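The structure appears right after this line, and notes come after that.
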Amino acid sequence: MRNFDFSPLYRTAIGFDRLFDLVENSNTNNAGGFPPYNIEQSQENQYRITMAVAGFSQDEVDITQQKNSLIVAGKKGARNQDTKFLYQGIAERDFERKFQLDDHIKVTGANMENGMLHIDLVREVPEEEKPRRIEIGSRLLENAE
């Protein structure tokens, strides 16, 4: 495991404390690789998370977005006790997978098809936060005298 010293960056990077904390704590989100997932970028501000959740129904999967966190959890219902497996290769264990989202990322929809859970996301940056060009010699405040 590698440790990074971000203290030199604290001198010049203002307001990035949360980012540094995420990097330092990135190893704590270890779900053992289950379920496997892909993250795709279809357009500049559109993303899709695809998770392989074979054996889970829509009622057994819960998706929650809270601030800059997306949590996908699966809780398997009671299994028939009469079933005797000779080999069980399909994981039916409960899971919780957490994703850290950037500012202004919103979940726009989710669907399940053929054992694959698709979660669509979009970045919606408000107009007042988009970059804008400032002309030299212009006044930014209308009431400034």
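For an R0 of 41 angstrom, estimate the FRET efficiency from the Cβ-Cβ distance between E92 and E44 and round to the nearest 0.05. Intermediate results must be reported in sequence, preceding the final value.
Numbers: r = 38 Å, r/R0 = 0.93.
E(calc), rounded to 0.05, equals 0.60.
Net charge within 10 Å of E96 by Cβ-Cβ distance, Lys/Arg positive one each and Asp/Glu negative one each, not counting E96 itself?
Numbers: positive: K75, R97, K98; negative: D62, D94.
Residues near E96 contribute +1 overall.
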(Q) Within 10 Å, Cβ to Cβ, of I71, how many net charges do the neighbouring residues add up to if Lys/Arg are +1 and Asp/Glu are -1? (A) 0
**Q.** For region 59-69, Karplus couplings with θ = phi - 60° (6.51, -1.76, 1.60), whole Hz, Gly/Pro x
**A.** 6, 9, 10, 10, 10, 10, 10, 9, 6, 9, 10
Q. At a probe radius of 1.4 Å, what is the per-residue accessible area of F85, in Å² to the nearest 10?
A. 90 Å²
Q. Got a number for the accessible area of E129? Probe 1.4 Å, square angstrom, nearest 10.
A. 110 Å²
Q) Between region 78-115 and region 58-72, what is the C-alpha centre distance in whole Å? A) 11 Å
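The values are calculated or read from the model by the stated rules, or taken from the named source; none is laboratory data. For clarity, every value in this text was computed on a predicted model and none was experimentally measured. Backbone-built Cβ (ideal geometry, glycine too); neighbour counts: all protein chains shown. Accessible surface areas use protein heavy atoms only, side chains included; no ligands, DNA or RNA. Shrake-Rupley method; radii C 1.70, N 1.55, O 1.52, S 1.80 Å.
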